[in-house]
Amino acid sequence: MSEPYSEMARAVKSTDTVRNIKKYAPTFYARTKLREQEGKKLVWTMVGVPPELLVAFDMVGEWPENYGTLCAAQLIATGFCEEAEAEGYANDMCSYVRNTMGYLRRCREVGGVPPEAPLGGMGNVHLLLGSGWVCEPRYKWFQAIATHYMDVPVFNDDPVSPAWDTDLEDPRIAEHYKTQLRATLKAQVTFLEDIAGRGLDLDHFRIIMQRSHQAMKFWHETLELRKAVPCPMGSEDYYTAIIPQLYLLGTQEAVDFYQALYNEIKARVDGGQGVIAHEKYRFSWFGIPPWFNLGLFNWLESLGAIVCVESSYYVKKPPELDFTDPVEALVDWIWQEAVERQKESTEVLPEVVNPGRFSALVGSKLVARWIEEYKLDGAICHRLRSCRASSLGEVHFRNVLAQIGIPTLIFESDMTDPRAWSDAQIKAQFREFLEMIDASRAKRGGRG
């Protein structure tokens, strides 16, 4: 196994709510203990699968993508990636996938959980609930696991999305895609009913969906508060605060966390408090972050630069919904968000229909609006060697922003595998980018 990279740094959070997320989200952080409870089914699943379904069937989730971020943060992922590469997986394949396949190879080698695995491993899975949304390796990922490592039931959903120039206001087109989406969700429910040995309790699911909606409203309103100058929350907090959005929707924990975070950020805005005392630069961020080095955002803040808004996992204001039929409410929610993404010119996003209801990429119209609303000085694009899906369109966005005089930095690394990181080289790129902004301001007499 490879030695850890000493130049990596964990993020230092600025908000009390995010620092104390374990208090607000015990279900997520104590899931290793929940697995041991009698009758609990452990599901390996993916972002993009509605987490409300797991809540409805009282199943414990484990997300290999999230486990990849944990392995990255603890500088363990490189070893698992190397194990997968030794098995024949290419080193430019999704590093979440490589981390998982390497972990499973190590499990087979040692006859159990590898000693280096965080949290005592990912548990003995009962079923795999996958999604092919947005990225090609995901659809085959769980199939490969079930083929080579474990004999468990597998359900893969692959949501169908219209082309970016389709007229989604046409009711015939809307009904066509909603019919497919409805059928997929009902097939997921049937699969889970067969595993759980009971039907979906619609009254209980209605409450779950209402909680989900309430949580996302608080979360969206919190993100809107980041438009304030100075910015009250940076990426070092954002990339932990997404946890309930991705894994706990439908729980009261998610509602309580986002309400507490909203209250804290609102108090900061009302008091004129920002993350850093003197903001010199305000940026948007495109792409998944380097999970092994979230301290990068603290380093940027030490230079007077803060990231105010991120494209990855960005959530919109949830639409008004009728929860009489909670399954149909979920269908409507997913579809209405897809329509809104389409209106924002998501010309580089291959699939706008996301049952997880968050963005991997955003449209050029929204990006241009962000410049004004967040008072941005530039954009930072993280081109990921092993994730084409979240790196799509970065050159396009750079060209769009250049037309309105906004500079863009594109740097290359990875989300999980620190072998792609060169600390001195990447930080030199950031310094040059800030110097370029300073020089441009000096010419036109702007702020410094």
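Listing for the model above:
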item	result
Residue 33 surrounded by fewer than 22 Cβ atoms within 10 Å (Cβ to Cβ) and in a loop (DSSP other than H, G, I, E, B)	no
Residue pairs meeting the criteria (Cβ under 9 Å; at least 6 apart or on separate chains; first at positive phi, in segment 118-131; second among the small types (Gly, Ala, Ser) and in a loop (DSSP other than H, G, I, E, B))	121/112
Helices (runs of 4 or more DSSP H) (entirely within segment 208-303) containing at least 2 residues that are small (Gly, Ala, Ser)	235-241, 252-270, 295-302
Unmet requirement for residue 406, which otherwise passes all of (1) crowded, with 19+ Cβ neighbours inside 10 Å; (2) under 27 Å from residue 91 (Cβ atoms)	(2)
Residues of segment 111-140 satisfying the condition of being closer than 19 Å to residue 191 by Cα, at pLDDT 90 or above and part of a helix (DSSP H, G or I)	140
Residues that are more than 14 Å from residue 225 (Cβ to Cβ), surrounded by 24 or more Cβ atoms within 10 Å (Cβ to Cβ) and not β-branched (Val, Ile, Thr), drawn from segment 254-280	254, 257
Residue match in segment 77-97 (condition: within 30 Å of residue 202 (Cα to Cα) and touching a helix residue (DSSP H, G or I) at 6+ places or on another chain (Cβ under 6 Å))	no
Segment 90-116, residues that are over 24 Å from the mean Cα position of the chain (by Cα) and crowded, with 17+ Cβ neighbours inside 10 Å	105, 106, 107, 114
Segment 396-427, residues that are within 18 Å of residue 285 (Cα to Cα) and hydrophobic (A, V, I, L, M, F, W, C)	397, 400, 401, 402, 404, 406, 409, 410, 411, 415, 421, 426
Members of segment 375-432 that are of a type in the set (A, V, I, L, M), part of a helix (DSSP H, G or I) and either free of Cβ contacts under 8 Å to residues at least 12 places away in the same chain or under 17 Å from residue 288 (Cβ atoms) (or both)	389, 402, 420, 424, 426, 428
Which numbered condition residue 309 misses (of (1) outside any loop (DSSP other than H, G, I, E, B); (2) among the hydrophobic types (A, V, I, L, M, F, W, C); (3) at pLDDT below 95)	(3)
Matching residues, segment 325-352, being at pLDDT below 90 and either touching a helix residue (DSSP H, G or I) at 6+ places or on another chain (Cβ under 7 Å) or assigned to a loop (DSSP other than H, G, I, E, B) (or both)	344, 345, 346, 347, 348, 349, 350, 351, 352
Conditions (1) surrounded by fewer than 22 Cβ atoms within 10 Å (Cβ to Cβ); (2) in a helix (DSSP H, G or I); number of the one not met by residue 319	(2)
Which numbered condition residue 287 fails, given (1) of a type outside the set (S, T, N, Q); (2) at pLDDT below 95; (3) buried (at least 18 other Cβ atoms within 10 Å of the Cβ); (4) farther than 24 Å from residue 96 by Cα	(4)
Criterion: of a type in the set (S, T, N, Q), within 27 Å of residue 77 (Cβ to Cβ) and surrounded by 17 or more Cβ atoms within 10 Å (Cβ to Cβ) - qualifying residue of 312, 364, 302	312
Residue within segment 365-374 that is in a loop (DSSP other than H, G, I, E, B), at pLDDT 95 or above and not acidic (Asp, Glu) present	yes
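Residue-wise test of (1) over 27 Å from residue 137 (Cβ atoms); (2) in contact (Cβ under 8 Å) with a residue 12 or more places away in the chain.
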| position | (1), (2) |
| --- | --- |
| 8 | no, yes |
| 36 | yes, no |
| 58 | yes, yes |
| 86 | no, yes |
| 105 | no, yes |
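The values are calculated or read from the model by the stated rules, or taken from the named source; none is laboratory data. If you're wondering where the values come from, they're calculated on a predicted model, not measured in any experiment. In this analysis, Cβ positions are derived from the backbone assuming ideal geometry, glycine residues included, and neighbour counts consider all displayed protein chains.
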